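Peer 1: Please read through the structure below; I'll follow up with questions.
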Amino acid sequence: MRGGGLVLMPTETVYGLAGDAADARAVAAVYEAKGRPSFNPLIAHVADVGMARRIARFDARAEALAARFWPGPLTLVLPVADPAAVCDLARAGLDTVAVRAPAHPLAHALIAAFGGPVVAPSANRSGRPSPTSLADALEETGAFVQAALDGGPCAVGLESTVVGLLDEARLLRPGAVTRAQIEAVIGPLAEAADDARRSPGRLTPDAPVRLDATAPQPGEAWLSFGPAGAGPWNLSPTGDLAEAAANLFAYLRAADRTSPAGIAVAPIPHEGLGEAINDRLKRAAGFVG
Ligand code: TXA
Ligand code: MG
């Protein structure tokens, strides 16, 4: 990574494609590997809050959220403090920066050993589901990396929650930390502007995705949920939203690999983690972004 190389890095959410945040050549290689049509700003991953304070300006809300949820699946968008530490290309030219301290021990060890912030978008090619195992990550962007760390399957399986703290606190991307958990620390979150909510882009399987289905139609793969669910891809037989989140991307991939006429998905309750799951499902169905 010090020479500009890229590494597949496990995190508790999804596998990331990691590179030196300060090195514009490394960041360009990340965009190239993802095949991103546009340069979305990337998250600077840090070892701890001390490293984060060197690159971003923390206010009282940021301190409170970091104290409660780091290391963990929460990303904070803050004013940039050191524009060279996270290069312009990584920030898409903005004077803000997204920071997160991941909880996975291998991610932490890699960033701490590297000694500076690391960009790590999800390791999928643009427009595809995020990889939640090393095998999936290698299939997506393995051809572009110099090394890969095997951290096993991702415990959370959904990307981090992104909260903007520039003026009003805003939920920019629902994720593993729920709205209610954040509001319990800093009070009510404002709604994100439409374009901000679109920012993570689409993650489209090849097969069309049909949401809120009560049963599969002939030829459709079936992602079920709950005790009444059936088939090989029951997101959670007990109706547990955390288990459903952890299985979501792997099951979408597995279903898509069977080249079905479509993928039908059972309704997922819109509470707690269900907000993030339904956000990703809407993207998979092409309704957002
Ligand atoms: O769980 C995760 O966050 C994973 C793992 C690997 O850590 N990473 C990830 O990165 O999902 P990426 O690049 O796929 O998503 C970055 C998100 C996007 O929604 C992007 O728009 C937002 O963070 N973001 C980054 N910088 C921003 C900024 N300055 N202002 C607003 N949004 C920003
Ligand atoms: Mg992504």
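The values are calculated or read from the model by the stated rules, or taken from the named source; none is laboratory data. Note that the structure is predicted; figures quoted are calculated from it, not measured. Backbone-built Cβ (ideal geometry, glycine too); neighbour counts: all protein chains shown. Side chains are part of the model used for accessible areas, which takes the heavy atoms of the whole protein and leaves out ligands, DNA and RNA. Shrake-Rupley method; radii C 1.70, N 1.55, O 1.52, S 1.80 Å.
Peer 1: Restricting everything to alpha-carbon atoms, can you work out Rg to Rh for segment 209-284 with a Kirkwood hydrodynamic radius? List each step's numbers first, then the result.
Peer 2: On the way: Rg = 11.1 Å, Rh = 12.1 Å.
Rg/Rh: 0.92.
Peer 1: Something else now. Over segment 122-195, average the accessible area per residue using a 1.4 Å probe and give it in Å², no decimals.
Peer 2: 42
Peer 1: Might you report the magnitude of the Cβ-based charge dipole of the chain about its Cα centre, with Lys and Arg at +1 and Asp and Glu at -1, to the nearest 20 debye?
Peer 2: With only Lys, Arg, Asp and Glu charged at Cβ, the dipole is about 340 debye.
Peer 1: Answer with one residue from Ala112, Ala215, Pro153: the one whose Cα lies farthest towards the positive end of the charge dipole of the chain, charges on Cβ with Lys, Arg +1 and Asp, Glu -1.
Peer 2: Ala112
Peer 1: Would you mind computing, in nm to one decimal, how far apart the modelled labels at Asp212 and Ala64 are, each placed 7 Å from Cα along Cα→Cβ?
Peer 2: In this crude label model, Asp212 to Ala64 measures out at 3.5 nm.
Peer 1: Let me ask something else about it. Any idea of His270's accessible area? Nearest 10 Å², probe 1.4 Å.
Peer 2: 120
Peer 1: With a 1.4 Å probe and all protein chains left in place, how much of the accessible area of segment 209-284 comes from carbon and sulfur atoms, in whole percent?
Peer 2: On the way: 1740 of 3120 Å².
About 56 percent, which is the carbon plus sulfur part of the accessible surface.
Peer 1: Using Cα pairs under 8 angstrom and six or more residues apart, how large is the relative contact order of the chain, in percent?
Peer 2: 20
Peer 1: Ignoring ligands, DNA and RNA, what accessible area per residue does segment 1-57 give at 1.4 Å, in Å²?
Peer 2: Here the per-residue accessible area is 36 Å².
Peer 1: Roughly what would the spin-label model give for Arg2 and Thr258, points 7 Å off Cα along C-beta, in nm?
Peer 2: 4.9
Peer 1: Checking the a/c ratio against 1.5 first, then a/b against b/c, what shape does the Cα gyration tensor give for segment 1-107?
Peer 2: Because a/c hits 1.5 or more and a/b fails to exceed b/c, segment 1-107 counts as oblate.
Peer 1: Roughly to the nearest percent, how much of the accessible area of segment 7-186 is carbon and sulfur, given a 1.4 Å probe?
Peer 2: The C+S portion of the solvent-accessible surface of segment 7-186 is 57 percent.
Peer 1: Restricting to Cα atoms and excluding each atom paired with itself, what does the Kirkwood estimate give for the chain in Å?
Peer 2: One decimal place: 19.0 Å for the Kirkwood radius.
Peer 1: What is the antiparallel percent of DSSP beta bridges lying wholly in segment 130-289, to the nearest 5?
Peer 2: DSSP beta bridges in segment 130-289 are roughly 25 percent antiparallel.
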